[in-house]
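We did not get these values from a lab; they are worked out from the coordinates using the rules stated. These figures come from a predicted structure and were not determined experimentally. Counting neighbours? That spans all protein chains shown, and the Cβs are built from the backbone with ideal geometry, glycine included.
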Amino acid sequence: MSDDYILETDGLTKEFRGFVAVSDVRLRVRRGRIHALIGPNGAGKTTFFNLLTKFLSPTRGRIVYQGEDITVASPAEIARRGIVRSFQLSAVFPHLTVLENVRVGLQRALGTSFHFWKREASLSVLDARAMELLDAVGLTASARMVAVELPYGRKRALEIATTLAMDPQLMLLDEPTQGMGHEDVDRVAALIKMAAANRTVLMVEHNMNVVAKIADTITVLQRGQVIAEGAYAKVSRDPLVVEAYMGTAAAELGGAPG
């Protein structure tokens with residue numbers, strides 16, 4: 001295992017009663033890069049993420065993070081080590097303000113994450129950093145707004161700010177632009193690029209334009225197996241990848257900017 005890579009999997013496999021969802025996957029994610037995991041529906045992308053974050057246990061294989069084997073680590077230990085995941089659906093606290101959402105992430109640094117009985121004033125020390133993060137994702141003007149009132153694309157921006165508040169070493173983003181209009185897609189893609197300046201990003205993403213613009217390396221899954229890997233210009237012309245996507249998705253793959 002090389003120091004150049006923050007995360008590596010070796011022979012990672014997940015079987016469900018004879019169905020192989022992830023099959024012998026070897027993945028190497030370089031530090032400080034954006035690595036995209038793509039593939040048609042049912043390719044095993046989300047299952048693979050669930051293995052990394054220990055929502056599922058692998059049938060066999062191993063996961064190495066920062067040079068240490070974390071194959072049997074608990075989800076809580078994974079988070080403590082600096083691996084933070086977002087999900088396909090926006091996951092914010094709807095009835096807290098935008099600022100309060102980010103403060104929840106920042107509380108980890110104070111060691112008061114579960115001190116719910118403490119007065120709100122005790123958290124004011126976090127406000128300056130929270131506002132810095134909101135400024136980075138363009139939400140300064142919405143700081144006092146209740147999160148449920150935000151448009152969908154802005155909720156995803158808030159989710160990125162909250163994720164950054166936890167100071168992750170590795171961000172796992174699951175379909176970060178799903179369900180967004182063009183303007184929000186461009187904004188969130190730019191936010192991911194910004195977030196990757198001082199950390200590593202591994203993302204599952206269906207939007208090939210986003211992948212083409214921001215991903216340094218792309219791994220393509222089909223039926224749980226890696227069928228191609230490399231820069232966008234390489235994988236978009238791979239016959240196996242084009243065959244896997246077929247129809248509209250294949251046209252989309254070939255038409256995205258390189």
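When Glu175, Glu15, Glu243 are ordered from fewest to most other Cβ atoms inside 10 Å of their Cβ, what list results?
Lowest count first: Glu243, Glu15, Glu175.
Calculate for the chain the 222 nm mean residue ellipticity that helices alone would give, adding -39,500 (n - 2.57) per DSSP H run of length 4 or more and normalising by residue count, nearest 500 deg cm²/dmol.
Numbers: 10 runs with 92 residues, N = 258.
Helix contribution divided over all residues of the chain: -10000 deg cm²/dmol.
On each of the three principal axes of the Cα atoms of region 123-164, give max minus min coordinate, whole Å, ordered largest first.
For region 123-164, the Cα spread along each principal axis is 29, 18, 15 Å.
Which of the helices in the chain, when you take each full DSSP H run, stretch at least 15 Å along the axis at their Cα atoms and have an average Kyte-Doolittle score of -1.0 or higher?
Numbers: long enough: 98-110 (19 Å, 0.45); 152-165 (20 Å, -0.14); 182-195 (20 Å, 0.14).
Taking the DSSP H segments of the chain (at least 15 Å long, mean hydropathy at least -1.0), we get 98-110, 152-165, 182-195.
Grab the beta carbon distance between Val20 and Gln169, set R0 = 35 Å, and tell me the FRET efficiency rounded to 0.05. The partial results should precede the final answer.
On the way: r = 30 Å, r/R0 = 0.87.
Calculated value: 0.70.
Would you mind counting up the charge near Val137? Only other residues with Cβ under 13 Å from its Cβ, with Lys and Arg at +1 and Asp and Glu at -1. Mind dumping the intermediate values first?
Working: positive: Arg154, Lys155, Arg156, Arg187, Lys193; negative: Glu132, Asp135, Glu159, Asp184.
Counting the neighbours of Val137, the net charge comes to +1.
If each residue of separation counts as 0.36 nm, what is the full-extension length gain between Ser74 and Ala136 once their alpha-carbon separation is subtracted? Walk me through the numbers on the way to the answer.
Details: separation 62, 0.36 × 62 = 22.32 nm, distance 3.15 nm.
Full extension of this stretch gives 19.2 nm more.
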